[in-house]
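One structure below.
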Amino acid sequence: MRLRVRDGVISSKHSWRAVEIDPQKKVITYIYNVLYDSIISAEKEPKKISEARDIYEIAKFLVKEKRFKIEDKYVVENYKELVDLFEKPYKFDLSLELTVEEEEKVPGWRELIDQLSKFFYERGLLMRVKGEKTLFRKKPLP
């Protein structure tokens, strides 16, 4: 696969903006979610699958071989979607019930999700909070 890198943006034949990186920190800052439109329209066109395969191969190369870290939960979710599509890994659901004991120690919702995502990623697990993409869903923490 022939790649182009410019200003931290990696492009391929099928994807003009596949992955963005910070090469100094060895961090993936963005993975293009080519399948997002396909989810809305319930179609997975061959062109989109080819583009997704390119993005997957680039991201996998950076993570597995070049040992790049993933910046945040959004990048982890996009990477997870590609891994789920092309690798068919073992998956399971995990439910948590949390009780606030010391309110001053509790982070905000986004920070908590980012910390959980990083925690699981460092242990070889990719996570996604189900139903979080709904715009009007009430968050349990401020």
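Each reported figure results from applying straightforward, stated rules to the coordinates on display, with no laboratory input. Everything numeric here is computed off the predicted structure, so don't read it as measured data. Methodologically, a virtual Cβ is constructed for each residue, glycine included, from the backbone with ideal geometry; neighbour enumeration extends over all protein chains shown.
Fully extended, how many nm does the chain gain between Glu57 and Trp16 (0.36 nm per residue separation, minus their Cα-Cα distance)? Intermediate values should be presented prior to the final figure.
Working: separation 41, 0.36 × 41 = 14.76 nm, distance 1.43 nm.
So the chain would gain 13.3 nm between Glu57 and Trp16.
Here each label is just a point 7 Å from Cα along the line to Cβ, and for Phe92 and Met1 those points are 3.0 nm apart.
For the chain, the relative contact order is 17 percent, taking Cα pairs closer than 8 Å that sit 6 or more residues apart in sequence and dividing their mean separation by the residue count.
Measuring against 18 Å, Cα to Cα, the residue pairs Lys64/Lys130; Lys48/Lys130; Lys80/Lys105; Lys73/Lys118; Lys48/Lys118; Lys88/Lys118 contain Lys64/Lys130; Lys48/Lys130; Lys80/Lys105; Lys48/Lys118; Lys88/Lys118 as the ones spanning a longer distance.
Run lengths n ≥ 4 of DSSP H only: what is the helix-derived mean residue ellipticity at 222 nm for the chain, with -39500 (n - 2.57) per run over all residues, to the nearest 500?
Numbers: 4 runs with 49 residues, N = 142.
Counting only the DSSP helices, I get -11000 deg cm²/dmol.
Compactness check for the chain: Cα Rg over 2.2 N^0.38 Å is 1.15.
Which peptide among 92-103, 1-12, 49-60 comes first, and what is the full order, when sorted by highest mean count of other Cβ atoms within 10 Å? Could the numbers behind the result be given before it?
Numbers: 92-103: 6.1, 1-12: 13.1, 49-60: 19.8.
With the highest mean Cβ count within 10 Å placed first, the list reads 49-60, 1-12, 92-103.
In segment 52-92, the alpha-carbon atoms span a convex hull of 75 Å³ per residue.
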